[in-house]
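Data first, discussion second: the structure below is written as structure tokens.
The values are calculated or read from the model by the stated rules, or taken from the named source; none is laboratory data. These numbers were taken from a predicted model, which means no experiment stands behind them. For neighbour counting, all protein chains shown are included, and Cβ atoms are generated from backbone atoms with ideal geometry for every residue, glycine included. Please note that ligands, DNA and RNA were not included when accessible areas were found on the heavy atoms of the full protein model with its side chains. Shrake-Rupley method; radii C 1.70, N 1.55, O 1.52, S 1.80 Å.
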Amino acid sequence: MINKSSYTYKLTDEQQSILCDILKHGNYQPVIMEHTKIAARTPDCTIALFKSGKCLVQGKGATDFVTFVLEPLVIQGASLGYEEVLDPQISEPHMGIDESGKGDFFGPLVIAAAYVDKSLIDPMREMDVKDSKNITSDNKALAIGRSLRELLGNKFSIIKIGPESYNRLYSRMRNVNSILGWAHARAIENLLDVLPNCPRAISDQFGSKKQVENALMSKGRKIELIQKHKAESDLAVAAASIIAREAFLRSLKKMEQDYGLPIKKGASAAVKLTAIELVKKNSPQILLKTVKCHFKTTDEVLKELNMDRKILGPEGQAVSKPHTGKWHHSKKDSTTQGSSDLPSQPAS
């Protein structure tokens, strides 16, 4: 197990509530710390829960607190070297697949696949590889992503679907999961070019596994596909999530340089204001090149400028369907394989 003196976790509202209760009623000394919901210390470490939901544990006893309190009682999952006990296959050769940019108005959709075997586990842990959603600093995500790529060499693959290609695909398919299914399959196939004997591929459960299976070509038909809830707990999936996020963040930085405007993540009011300014400086068609046009944010931006979707042409007409919380596998969903709407190579 890697013994460190500092750990950072992004906690859910429920996890924050549990931690607050533990620190208030356990044998902990309260600490006054700026921007925190609660902070406390033991003789060997300090625990700070910030208003952002970030939990920081520091000190020579940080590993013990994370191992015996934070993970079993708050996070309810292990990440400090006990994964092999919970899942003996975790150190066996496999790849993980994850994406970044799916919920962001600006920028591409990026899917990455990353390989892990026993020799890579400890170096990845030393880098603090974990689900990219638990890395609260973009600079840290960029740094870890760069280090991961150097560590892996050619044992990762990236599929980047730029906004123009994404809007073209979505206008034809009307389904983000169908695009993801194709992209996951291409990431797997590309990594199998380098590692043809990799036996398993693990990803989060974003839709029907059949969509990925149908999109796989000859090399990928023999690999075991596993979709599971909270797949990012797997080190290979966590590595893929960081590599995908790094590529996504670099794309946003490039967009900032190209257009001279701050390009933010997500789909907030600030993001909408940037899009409005971008259209004013260029034309409505700039949205097809920079954003995912099926977001309702597109309608809000155009409304502010007294415009509507008609001005974007056929590839800007598709809109997101309301999310029902359930996956419905339709006949249309099963026609991914061989579709002329799908590029055979990574889109940019």
Note, region 19-24: 3J(HN,Hα) by Karplus (6.51, -1.76, 1.60, θ = phi - 60°), whole Hz, Gly/Pro = x, goes 5, 4, 5, 5, 6, 6
Once all protein chains are kept in place, ASP138 shows an accessible area at probe 1.4 Å, nearest 10 Å², of 50
Filtered hits (aspartates and glutamates, Cα-Cα < 18 Å from LYS60, offset >= 8 within chain) -> ASP44, GLU71, GLU126, ASP128
Taking Cα atoms, the helix 269-281 axis meets the longest principal axis of the chain at an angle in degrees (rounded to 10) of 30
Helix 138-152 sits off the longest principal axis of the Cα atoms of the chain, rounded to the nearest 10 on a 0 to 90 degree scale, by 90
The ³J(HN,Hα) series, computed from each phi in region 309-320 with the Karplus coefficients 6.51, -1.76 and 1.60 at θ = phi - 60°, rounded to the nearest Hz and given as x for glycine or proline, is 5, 4, 6, 8, x, x, 7, x, 8, 5, 10, 5
The relative contact order of the chain, taking Cα pairs under 8 Å that sit 6 or more residues apart, comes to a percentage of 20
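Please report the carbon-and-sulfur percent of the accessible area for region 124-243; probe 1.4 Å, protein heavy atoms only, DNA, RNA and ligands left out. Please list the in-between numbers first.
On the way: 2130 of 4780 Å².
With neighbouring chains kept in place, the figure for region 124-243 is 44 percent.
Give me the dipole magnitude in Debye, nearest 20, for region 196-316 about the Cα centre, with unit charges on the beta carbon: positive for Lys and Arg, negative for Asp and Glu. Intermediate values should be presented prior to the final figure.
On the way: 23 positive and 14 negative charges, 44 e Å.
Here the size comes out at about 220 debye.
Roughly how big is region 134-226's charge dipole about its Cα centre, with Cβ charges of +1 (Lys, Arg) and -1 (Asp, Glu), in debye to the nearest 20?
On the way: 15 positive and 8 negative charges, 38 e Å.
Charge dipole of region 134-226: 180 debye, to the nearest 20.
Where the accessible area of region 1-69 is counted over protein heavy atoms with a 1.4 Å probe, how much of it, in %, is carbon and sulfur?
Numbers: 1960 of 3970 Å².
That fraction is 49 percent.
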Probe 1.4 Å, all chains present, heavy atoms only: TYR28 accessible area in Å², nearest 10, is 50
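What does the accessible area per residue of the chain come to in Å², with a 1.4 Å probe and no ligands, DNA or RNA counted?
Values: 16960 Å² over 348 residues.
With the other protein chains kept in place, the chain gives 49 Å² per residue.
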For region 159-174, in residue order, the Karplus 3J(HN,Hα) values (coefficients 6.51, -1.76, 1.60; θ = phi - 60°; whole Hz; Gly and Pro = x) are 10, 10, 9, x, x, 4, 5, 4, 5, 5, 5, 5, 5, 8, 9, 6
Accessible-area order for VAL279, VAL194, largest to smallest, probe 1.4 angstrom, reads VAL194, VAL279
For the chain, longest principal axis from Cα atoms; helix 235-259 axis from its Cα atoms; angle between them, nearest 10 degrees, is 50
Relative contact order in percent for region 112-207 (Cα pairs under 8 Å, 6+ apart) equals 37
By accessible area (1.4 Å), largest first, SER132, SER268, SER119 order as SER119, SER268, SER132
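To the nearest 20 Debye, how big is the dipole of the chain about its Cα centre, given +1 on the beta carbon of each Lys and Arg and -1 on that of each Asp and Glu?
Values: 49 positive and 40 negative charges, 230 e Å.
Result for the chain is approximately 1100 debye, rounded to the nearest 20.
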